[in-house]
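Asks: Below are the structure tokens for one structure; questions will follow.
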Amino acid sequence: MSKLPIAIAIFIIFFNFSCQKKEETPLLAEYLPEEKVLPLDSSLINIPMTLELYPVSDAYTAEKEKAIAEFYTKKIGLSDFSGALLVSKNGKIIFEDYKGYANYASKTPISKTTALHLASVSKVMTATLVLKLVQENKIDLNEKVQTYLPDFPYQNTTVKTLLNHRSGLPHYSRFSESVKGWNTKKTITNEDVLDYLKRYKFALLAKNDTKFNYCNTNYVMLALIIEKVTGKKYAEAMQEQIFSPLGMNDTFVIDFVNQKNTVSQSYKTNYVNHGWDQFDAIYGDKNIYSTPRDLVKFDLATYATEFLRKDLWEEALKGYSYEKKGIKNYGLGIRLREWGTGQTLHYHNGWWHGNTSSYTTLKNDTIVIIALSNKYTRKTYQAMKLSALFGDYPFELDEQN
């Protein structure tokens, strides 16, 4: 046999093997055996972890996208909206749109890589990092806060009651009402908040673990606990434990002194810059900037047990406050709505200055709905109603409010 036919035969074998290897390589970690691997798709978001999630068909995407677009046009995406809406299932983007300006003065548009202030949606990530440190045996949920922060003045408060807002702590924005000669020009830090608690021992709004009282001070203390047990600043710990491992490349905790003029700005309803105040350097309760696409990556990680154990996710997702009747509740860094039908919806909203945010994660349907705005509006909170397109959630998409 001549050398040429042999060379051709070797090439054919190599080509077939290469094609087979490409077809066997999953792009979104690991899928259920009966499903085919998704093709390369710019609308597919993935993380470097094992996930057992079904690929989403084009027909399903087209059907849902039409309904979402109609809702978006009527309820959110009007001419005065400045922000983003993204809906995703299993990492597949079903709907995505960006409007407005990250900086109105320079006319810098908001795009898919523009990090917007998450406001209180930051609490979801702070809580997740605490749970990861529980997984590493560096934090105990039931341990007293004084174990980690000896200067903390309330003996019965635990890590868990900080997480689920049952500590009774007063809000740091109200400290000035009890402190004579309050300096309104001083930029307050997390350490300052702890120092004020130590020095003034403000009265608790309720005894520990007796009542739900949503309070940003809880998450300021959690950020300090994170720093104490890791030996790193909160921003660095978040980067190393959450942002980098998940490929959240456009997400960060603001360095207030050095970045306040370069991040996306915050606006009132008429595009007047909201400006900053003395509480803008405080973190843990807020001050994470991110994009909808990066938040999809974070949401995907909530289905990955190699990121966080299943039992810890279950601790986070259950309600802790049943002293009052109603559908609303709070877990560990996540809000709940629990209906008599048995359906449970998990979400968190945020508001800080002109920034509003909404993160809705439908755990039974593997859907995430994200709405962010840097110009004050409550339209972001309307996005939760899109849940009705994906499950038995009692929302009406044509409701006026």
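The values are calculated or read from the model by the stated rules, or taken from the named source; none is laboratory data. It should be emphasised that the depicted structure is a prediction, and the values quoted were computed from it without experimental measurement. Note that we place each Cβ from the backbone using ideal geometry, even for glycine, and neighbour counts take in every protein chain shown.
Asks: Filter the strands (runs of 3 or more DSSP E) completely within the range 327-401 down to those with at least 3 residues that are of a type in the set (Ser, Thr, Tyr) and touching a residue at least 24 places away in the same chain (Cβ under 8 Å).
Replies: 355-362
Asks: Could you please find all residues in the range 306-325 being assigned to a loop (DSSP other than H, G, I, E, B) and either among the β-branched types (Val, Ile, Thr) or loosely packed, with under 14 Cβ neighbours inside 10 Å (or both)?
Replies: Matches in the range 306-325: 306, 322, 323, 324, 325.
Asks: Please determine whether any residue of the range 64-85 is modelled with pLDDT of 95 or more, aliphatic (A, V, I, L, M) and not in a helix (DSSP H, G or I).
Replies: Yes: the range 64-85 contains one or more residues that are modelled with pLDDT of 95 or more, aliphatic (A, V, I, L, M) and not in a helix (DSSP H, G or I).
Asks: Is the range 279-298 home to any residue that is over 25 Å from residue 240 (Cβ atoms) and not β-branched (Val, Ile, Thr)?
Replies: yes
Asks: For the range 295-314, which positions are among the charged types (D, E, K, R), more than 25 Å from residue 392 (Cβ to Cβ) and touching a residue at least 24 places away in the same chain (Cβ under 8 Å)?
Replies: Within the range 295-314, the subset among the charged types (D, E, K, R) is 297, 299, 306, 309-311, 314.
Going one step further and asking which of them are more than 25 Å from residue 392 (Cβ to Cβ), we end up with 297, 306, 309, 311.
Residues satisfying the conditions are 297, 306, 309.
Asks: Conditions: (1) under 19 Å from the mean Cα position of the chain (by Cα); (2) farther than 19 Å from residue 120 by Cβ; (3) free of Cβ contacts under 8 Å to residues at least 60 places away in the same chain. Residue 248 meets all but one. Number of the miss?
Replies: Failed condition: (2).
Asks: In the set 208, 218, 213, which member is closer than 22 Å to residue 142 by Cα and more than 24 Å from the chain's Cα centre (by Cα)?
Replies: Just a single option satisfies the conditions, and that option is 208.
Asks: What about residue 99, is it at pLDDT below 95, surrounded by 15 or more Cβ atoms within 10 Å (Cβ to Cβ) and more than 19 Å from residue 297 (Cβ to Cβ)?
Replies: When the stated conditions are applied, residue 99 does not pass them.
Asks: Which numbered condition in (1) without any contact (Cβ under 8 Å) to a residue 40 or more places away in the chain; (2) out of contact with any Asp or Glu (no Cβ under 9 Å at 6 or more places or on another chain); (3) surrounded by fewer than 17 Cβ atoms within 10 Å (Cβ to Cβ); (4) part of a loop (DSSP other than H, G, I, E, B) is the only one that residue 202 fails?
Replies: Answer for residue 202: the failing condition is (3).
Asks: In the range 148-175, what residues are polar (S, T, N, Q), surrounded by 15 or more Cβ atoms within 10 Å (Cβ to Cβ) and not in a strand (DSSP E or B)?
Replies: Residues satisfying the conditions are 157, 161, 164, 167, 173.
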